[in-house]
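The values are calculated or read from the model by the stated rules, or taken from the named source; none is laboratory data. Please read these numbers as outputs of a predicted model, since none were measured by experiment. A quick note on method: Cβ atoms are made from the backbone with ideal geometry, for glycine too, and the neighbour counts reach across all protein chains shown. In case anyone asks, the SASA skips ligands and DNA or RNA and just uses the protein heavy atoms, side chains included. Shrake-Rupley method; radii C 1.70, N 1.55, O 1.52, S 1.80 Å.
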Amino acid sequence: MFTRLKPTWMLESIFDLTPQDLEAQGIKAILTDLDNTLIAWNQPNGSQRLKTWLKQMKTASIPVIIVSNNSRVRIAAFAAPLNLTFVARAMKPLGVGVERAVKVSGLKKQEVVLIGDQLLTDVIAANRAGIRSVLVRPLVETDAWNTKINRFFERILKHYLQKKNLMARKWGKKLDGR
C-alpha cells in the first residue's frame, strides 16, 4: 500500500529540472500539477521564473501538459496565454486524468513524468497510472481550505515513510538515475 505513496524523485522545485536531467532519464514530456507546483494557488499568473523555465522546455522540445483537478475555466485562464495544453478535472488521486494526459502527449508511459506538490493526489495518481513522479515542495506554505486536509495527513505519512526508509529525508537537486 505504501508504495503508491512513494515518489520516484523529490526536488525542491520544478525549476530545478533541466532538459538535460529529463533527457538523461528518457523523459520527453512533463505532466504537471498547477497549484503550488507551477504557480502559487492564490496567484493566478505565473512568475518570470516560470516563463523562463517554460521557454527552456519549449526550446528543448519538451512539452509541458497541466494535469489538474481544477475546472477548465480556472486552468484555461492560466494556460491559454502560455499556449499550454491541459487536462482539467483530472480526478487525482485516480489515474484517469494522468492517463488522458499521457494519451494527449502521444508518448509511452516511460517517456513522461508527473510533477506535483502532493503525495495524496499527484504521487498516487502517477503511481496508479504507471508513470514516474517528482514530488516538489509547495511554492507557498499556505493552501486552499480543501488542500489543508491533505497536508495534515501527508505530514503523518511522510514521517512514517521516512522512518521506514521508504522515502528520502532530504529534497534533492537533480534526478538521481533511479
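It is to be established whether one or more residues within the stretch 28-37 are touching a residue at least 40 places away in the same chain (Cβ under 8 Å), more than 14 Å from the chain's Cα centre (by Cα) and part of a loop (DSSP other than H, G, I, E, B). Yes, the stretch 28-37 has at least one match. Contact map, the stretch 9-22: residues that are free of Cβ contacts under 8 Å to residues at least 40 places away in the same chain paired with residues that are open to solvent by 20 Å² or more (accessible area, probe 1.4 Å) and charged (D, E, K, R), Cβ distance under 8 Å, separation 6+ or inter-chain. Pairs shown: Phe15/Arg49. Residues that are farther than 22 Å from Leu84 by Cβ and outside any helix (DSSP H, G or I) within the stretch 10-27 comprise Met10, Glu12, Gly26, listed in sequence order. Exactly one condition in (1) under 18 Å from Val134 (Cβ atoms); (2) open to solvent by less than 30 Å² (accessible area, probe 1.4 Å); (3) not in a helix (DSSP H, G or I) is not met by Gly46; state its number. Condition (1) is where Gly46 drops out.
Filtering the stretch 61-97 to residues that are of a type in the set (Ser, Thr, Tyr) and on the phi < 0 side of the Ramachandran plot leaves Ser68, Ser71, Thr85.
Does the stretch 65-72 contain any residue that is assigned to a loop (DSSP other than H, G, I, E, B), of a type outside the set (S, T, N, Q) and surrounded by fewer than 19 Cβ atoms within 10 Å (Cβ to Cβ)?
First pass over the stretch 65-72, keeping only residues assigned to a loop (DSSP other than H, G, I, E, B): 68-71.
Then keep just the ones that are of a type outside the set (S, T, N, Q); that gives none.
The answer is no; no qualifying residue exists.
To keep it simple, each residue is scored yes or no on (1) open to solvent by 70 Å² or more (accessible area, probe 1.4 Å); (2) at pLDDT below 95; (3) closer than 23 Å to Arg132 by Cβ; (4) not hydroxyl-bearing (Ser, Thr, Tyr).
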position: Trp9; (1), (2), (3), (4): no, yes, yes, yes
position: Phe15; (1), (2), (3), (4): no, yes, yes, yes
position: Ala29; (1), (2), (3), (4): no, no, yes, yes
position: Lys58; (1), (2), (3), (4): yes, no, yes, yes
position: Pro63; (1), (2), (3), (4): no, no, yes, yes
position: Phe78; (1), (2), (3), (4): no, yes, no, yes
position: Val87; (1), (2), (3), (4): no, no, yes, yes
position: Glu99; (1), (2), (3), (4): yes, no, yes, yes
position: Leu107; (1), (2), (3), (4): no, no, yes, yes
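Annotation: Ala40 fulfils all but one of (1) modelled with pLDDT of 90 or more; (2) open to solvent by less than 20 Å² (accessible area, probe 1.4 Å); the unmet one is (1).
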